[in-house]
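Some notes on the structure that comes next.
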Amino acid sequence: MIKVLIVDDSLVVRLNLKYILEKDPDIRVVGAANDGLEAVEMVNQKKPDVVTMDINLPRMSGFLATRRIMETCPVPVVIVSASWDPGEVEKTFLALEAGAVSVVAKPPGIGHPDYEKSANELIKTVKLMSEVKVVTRRPKIQPIEWVPEALLKTRHLPEPAAEIKLVAIGASTGGPVVLQKILAALPTGFPVPILIVQHISAGFLPGMIDWLIQSTGFPVRLATEGEIPQPGHAYLAPDDSHLGVSRNKRISLSDGEKEHNLRPSVSYLFRSVAEVFGPNAAGVLLTGMGSDGAKELYLMKEKGALTIVQDKESSVVFGMPGKAEKIGAARYVLPPAQIAQTLISLI
């Protein structure tokens, strides 16, 4: 039985979340808090397996409550946020930075056309995050520790078979913070463009882009059809649109069929990049549930591309990278700091 603590200052929302979660026979709501201070106290008292956390709370915000929980009594925290509120979305990513493991959109009321989809996403996320092992951590992301040059030499990093002209990255659960670490570590003037598919609830991308720009200094933007990707810039797939590249190496967006029940799909991006860039590309598959992108990363490897997956120890969910590693798609299996350094060293 998965024990859940609900944190929200609205009684209506708390009752709605309780109704949704307890429809699943494996979930039991063990308590509800209406502010951040009460949430911290109840985590210590109730010992839940998962906390669903609102952001705008009285007395102590959801961001600060998450930070306090991760410092004192770590437990997986899922941010349940209103994606239509720009201020709340901004704080949502600060909460992820502070240790929250995932974010989902706040479900609408019963009768709304998106109710069932949103409710199912919440249940799925809570069940998956209950299995995540979290540790006591400091709230501020620590500077990346570079691998000593001597260690790099012992790894005998081979030169790529061809000049790398584009990096493609796929990520899902736990991905935003890893993307932040990687982009923050890349130097100004990084010589190639980066295309990114990040699975995230609709409405959160603009806030995520603003957060990445402010916290990394790396130029990040939403991909647009026909745009020529520029070196030293990162482009994120828009909501509900596949991201790829055309034969003339411009950005291509598609509303084609979902892959792995996802749009955008990492598989679509990697396959497109493999076909157009072949050995002149690098593919990076980060933390996330499922297997999106795994087979296509193998395709990139077959085409001669540099392929990297995030290691199990640093992944929130070792689904996508784990599948890729299992089928032999990865040339390197690395934590985020070493992913960034390997890209720099080989590009």
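Each reported figure results from applying straightforward, stated rules to the coordinates on display, with no laboratory input. These numbers come from a predicted model, not from an experiment. For neighbour counting, all protein chains shown are included, and Cβ atoms are generated from backbone atoms with ideal geometry for every residue, glycine included.
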Return a whole-number percent for the relative contact order of the range 1-98, with Cα pairs under 8 Å and 6 or more residues apart as the contact set. 27
Which whole-Hz couplings ³J(HN,Hα) result when phi for each residue of the range 48-62 is put into the Karplus expression 6.51 cos²θ - 1.76 cosθ + 1.60, θ = phi - 60°, listed in order with x for Gly and Pro? x, 7, 8, 10, 9, 10, 6, 9, 7, 10, x, 6, 8, 5, x
So what's the gap between the Cα centers of the range 304-322 and the range 42-60, to the nearest angstrom? 30
In degrees, nearest 10, the alpha-carbon axis of helix 115-129 is tilted away from the dominant principal axis of the alpha carbons of the chain by 80
Sorted by Cβ neighbour density within 10 Å, fewest at the top, the residues 66, 188, 224: 188, 224, 66
Which residue, 293, 217, 175, has the most motion in a Gaussian network model of the chain that connects Cα atoms within less than 10 Å? 217
When 276, 316 are ranked with the fewest other C-beta atoms within 10 Å first, the list becomes 276, 316
For Rg/Rh (Cα atoms, Kirkwood Rh), calculated from these coordinates, the label among (1) 0.98; (2) 0.93; (3) 1.08: (1)
To the nearest 10 degrees, how steep is helix 11-21 against the longest Cα principal axis of the chain, on a 0 to 90 scale? 60
Neighbours of residue 231 by Cβ distance under 15 Å: Lys/Arg at +1, Asp/Glu at -1, summed charge +2
Per DSSP helix of 4 or more residues, -39500 (n - 2.57); summed, then divided by the residues of the chain. What does that give at 222 nm, rounded to the nearest 500? -11500 deg cm²/dmol
Can you sort 235, 115 so the residue with the fewest Cβ neighbours within 10 Å comes first? 115, 235
In degrees, nearest ten, helix 205-216 long axis to first principal axis of the chain (Cα): 70
Under 21 Å between alpha carbons: how many lysine pairs meet that in the range 149-346, if sequence neighbours fewer than 8 apart on the same chain are excluded? 19
